[in-house]
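Everything below concerns the one structure shown next.
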């Protein structure tokens, strides 16, 4: 008897009918994903006329492709394009490096060493911070004087206050505190950060954006790397420790090389977020440190409406590096996330 | 010196992260709170702050900006009464059951906060939308979060499950499905504006054919909102997809085979074996998505500028517009309202769903 | 090649542990351990899993803090010294080889940490590798090695730095039975030639008996008995040691001593001068007794099974709830289910107080 369309032909295989349904679903989703990107690509080689005179789908058949938009951006506006591109690369590379380094150091230390900070001391510190902000902001106290007073008060009284009530936090609490920073919508903190950089005259500098990006991505790094480090057998580090290696050396020689997959996935994620970030860049950069998303968004502001062809070119050159990186590192992403995120 | 370094290296490893977060997260948070309670006047190059009490919040909740943040309230319609009372009753029953079964003070206070937030949101919903009036940015943001994340979760999980089957070419599908996540939200916004153009976009033929040739997404509130959700889903389904794919692939193969030998069908295997295994991960993925969805600002800004009217404006965007009009006090107050709603909902979700799932897993 | 060995003998240090305790929260993992290890001695910590032996070893290494008590290595107090300053090397159960480093880099890691110059380092690595016959494999990665080879790499990494103390945490438990035998002999040989003080943790009594100068038997965080392998085998201090050592372990029969005679179910024999007591356990080793016709021995029982191990036959008896094993020559034969007697050397029998588990010794 021949098996029906709904029965598998071989063990471990699907029936032809369900296979067809599955492929239909996957292919139609692939189409849904690819088509907008395809449209972006062909728009970038359309003349204004070809865009405005209704939909044309296939180059050389429907319309004659032209590279005028590419020329606009790469020849006529080369300086602007190049500057934004270079800014984006510098900022996202350094911010990612900083974030991954600082974050994985913190994650490593949290996964290996037990901390027990005193809750009351922390509350005392926050209270001092609030007081200082009120004093400076509302009553116009001198910034540096207030800072000095706060630091002095903290170190003088921290121990005394800490003895009042000894509730100690655990590593899990610190971890939760760091990760929970991700809940913070950028809009909540962006205005004070803007004012902070304004007061030290660092608006529109690379450093300001780099530091901000590094911090907003710290929670992701700490969260992913913490679980990753926990999955590395302790024996290796204990052995290195007995051999006399310091924590820095163990971290550099043993832990980091063993976390390559996790680091790759984390780095890629942070890189994507930094590369694509918009809101902070909008506040913190004007011209010198302008990044690509700002350049793209700014194209909206022309008098002739949106120049869709130029816009498409800008978006394409912005997508290319991340997509290339992602396709190359794709297998690390699933592996890295599997150990990190998925387990936690 | 060496000994000291060895002893304190752990702290030194943690310190940079803590300092950075204090400076760039905690300090701004405190400063923002102070701004929210102040009136700021710009004069010349600097600005002056004066304590304003609850005025900034008052304006948002009860004053001139109420329609903007919460929506326009009208007399409650019959449906609004029915939905509101049913939901309230359900919530009270939920609280009552909790108190009857396993009461702890800490858990009770937490649930009381969740309960109050839920009641407020239910009556907000009933008072505006269900009574035939427009809702404000809070409603719009919640719409993006609930409907958007729901759609993304269902489709992303389904695709991940399909891709976790043994079929030829699944590797290619993976790479393709992953790509939208790489694209900057700004880019996604503009691409979908091109897509949705009813006269020059790729689907203009279709619009003409159904007689909507001169209609625009951007003029109808609900169409505009759905339009934004489609773009948001296009971008974020890959995230759910990649995480859930990793989850499905982490389910041990022998469990599947054991179920096969026991004679369980495909659906049975999925429901009884695979789903319980990935459920804790699914809850975590959902939590991450919800957290990020509350922050939505670039897509509505690019695609519709919050329009028509305020129909697609999210709370973040409202705060941004307030900042742009130099109303720093309101901007901070709105941001804090968003933060409060986000924290309550996310922490409730974490405690009641994620932790419960993790605890349930032996 | 003998030069370093001589060096090391000179630098071997003793270890002195005084009333060492470990608490994990409310859990008392190690109870008042007091132990002295002589320079150059091979001491084995033996016990079932969870008995605190690994904890004790990790406390000597400095990987776990010492809750109370003191630890002295050589003549220096090491109680709160960080591991890297203790001059010890450790071989882990998992070998803890760095998977991303080659064999040579693995062996050389302690030297790299000590910032040894490159040419000298290469020579030292080669010397250590030769000692464990690995010189051909220096460029391989650990994943390309067999279990035995990995074990050797771990050993080479431990000896390359010439530590004054060697710690081993069940180093042979991941090997198959045959390889384990070979490695045991090599370990013993190496320890002999190098003369490094060694503390070795295992749950395998054969390893303990063959390797150790002295064995420390532990249970529930408490030291049960410390002595040479011969002492702990033939002269157990308590019921636990008697039941733990030997394969198959000692046979036990409960009963009471009255008027200088032990009486239990179906058994009666002189108590070797131990005073009267009610709740007593008699113990005798399977190899110290023989199967005899019913009525001719000290006790009678029914034969339950007969197992051939090749070089001998193990005869298991059942009486009530007790089961007893007798080792007989390999040509011994009997019908399971039939009755037989057991005769043993009354002088080698041990008596234990059932309530405390302690050995009862004649007061004379």
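Only the coordinates and a few stated rules stand behind these numbers; no lab work does. Predicted model, so just to flag it, every value in this text is computed and none were measured. All Cβ positions, even for glycine, are placed from backbone atoms using ideal geometry, and neighbour counts span all protein chains on display.
Could you calculate, for chain C, the ratio of the Cα radius of gyration to the Kirkwood radius, expressed as Rg to Rh?
Values: Rg = 24.4 Å, Rh = 22.9 Å.
Radius of gyration over Kirkwood radius for chain C works out to 1.06.
Which three semi-axes in whole Å describe the equivalent ellipsoid of the stretch B:74-213, each the square root of 5 times a Cα gyration tensor eigenvalue, listed largest first? Don't skip to the end; give the middle numbers.
Values: eigenvalues 317, 144, 39 Å².
Computed over the stretch B:74-213, the values are 40, 27, 14 Å.
Could you state the per residue volume, in Å³, of the convex hull enclosing the Cα atoms of the stretch C:1-146?
On the way: hull volume 22.1 nm³, N = 146.
About 151 Å³ per residue, rounded to a whole number.
The stretch C:272-364 gives an Rg/Rh value of 1.02, both radii derived from C-alpha positions and Rh following Kirkwood. Exposure proxy for C:241, A:45: other Cβ atoms within 10 Å of each Cβ, ordered fewest to most, give A:45, C:241. The per residue volume of the convex hull around the alpha-carbon atoms of the stretch A:1-151 is 374 Å³. Against the main long axis of the alpha-carbon atoms of chain A, helix A:206-230 sits at an angle near 90°.
With the alpha-carbon atoms of the stretch B:273-330 aligned to their principal axes, the span from lowest to highest coordinate is 55, 25, 14 Å, starting with the largest.
Within the stretch C:78-163, the ratio Rg/Rh, alpha carbon atoms throughout and Rh by Kirkwood, equals 0.97. Based on the reciprocal of the average 1/r between different C-alpha atoms, the Kirkwood radius for the protein assembly as shown equals 35.1 Å.
Its residue count N fixes a reference of 2.2 N^0.38 Å for the stretch A:107-197, and the Cα radius of gyration divided by that reference is 1.30.
If you take the beta carbon distance between residue A:119 and residue B:108 as r and set R0 to 30 Å, what does 1/(1 + (r/R0)^6) give as a FRET efficiency, to the nearest 0.05?
Calculated transfer efficiency: 0.85.
The ratio of the alpha-carbon radius of gyration of the stretch B:50-103 to the globular-protein estimate 2.2 N^0.38 Å is 1.75. The eigenvalues of the Cα gyration tensor, multiplied by 5 and square-rooted, give the stretch A:175-304 an equivalent ellipsoid with semi-axes of 38, 16, 14 Å from largest to smallest. Both the radius of gyration and Dmax for the stretch B:1-42 are 17.4, 54 Å, in that order, over alpha-carbon atoms. For the pair residue C:189 and residue C:330 in one chain, pulling the backbone fully straight at 0.36 nm per residue adds 47.5 nm over the alpha carbon distance. Which angle between 0 and 90 degrees, to the nearest 10, do you get for helix A:308-337 versus the longest principal axis of chain A when only C-alpha atoms count? Around 60 degrees separate the two axes. Once both labels are positioned 7 Å from their Cα atoms along Cα-to-Cβ, the gap between residue A:20 and residue A:61 label points is 2.6 nm.
Taking label positions 7 Å along the Cα-Cβ direction at both residue B:267 and residue B:146, the computed distance is 2.9 nm, reported to one decimal.
Relative contact order for chain B: 22 percent, from Cα pairs under 8 Å spaced at least 6 residues apart, divided by residue count. Based on the Cβ-Cβ distance from residue A:328 to residue B:325, what FRET efficiency comes out when R0 is 35 Å, to the nearest 0.05? Between residue A:328 and residue B:325 the formula returns 0.20. Converting the Cα gyration tensor eigenvalues of chain B into ellipsoid dimensions via √(5λ) gives semi-axes, longest first, of 36, 31, 26 Å.
Inter-label distance, residue A:201 to residue C:318: 9.6 nm, where each label sits 7 Å from its Cα along the C-beta direction. Rank these for me by crowding, B:257, A:237, going from fewest to most other beta carbons within 10 Å. With the fewest neighbours first, B:257, A:237 line up as B:257, A:237.
What is the stretch A:30-116 by shape, rounded, prolate or oblate, if you read a ≥ b ≥ c off the alpha carbon gyration tensor as root eigenvalues and call it rounded for a/c under 1.5, prolate for a/b larger than b/c, and oblate otherwise? If you can, show how the numbers build up before the last one.
Values: a/c = 6.18, a/b = 2.28, b/c = 2.71.
Verdict is oblate for the stretch A:30-116.
Rounded, prolate or oblate: pick one for the stretch C:86-237, where a ≥ b ≥ c are the square roots of the eigenvalues of its C-alpha gyration tensor, a/c under 1.5 means rounded, and failing that, prolate if a/b is larger than b/c, else oblate. Kindly include the intermediate steps, with their values, before the conclusion.
Values: a/c = 2.29, a/b = 1.85, b/c = 1.24.
Since a/c reaches 1.5 and a/b is larger than b/c, the shape of the stretch C:86-237 is classed as prolate.
Take the Cβ atoms of residue C:231 and residue C:75, set R0 to 30 Å, and the FRET efficiency comes out at 0.60. From least to most packed, judged by other beta carbons within 10 angstrom and beginning with the fewest, B:137, C:319, C:210 follow the order C:210, C:319, B:137. Between helix C:118-131 and chain C there is an angle of about 20 degrees, using the helix long axis and the longest principal axis of the Cα atoms. Shape verdict for the stretch B:1-160, please, from the Cα gyration tensor: rounded (a/c under 1.5), prolate (a/b greater than b/c) or oblate. Oblate, since a/c reaches 1.5 and b/c is not below a/b.
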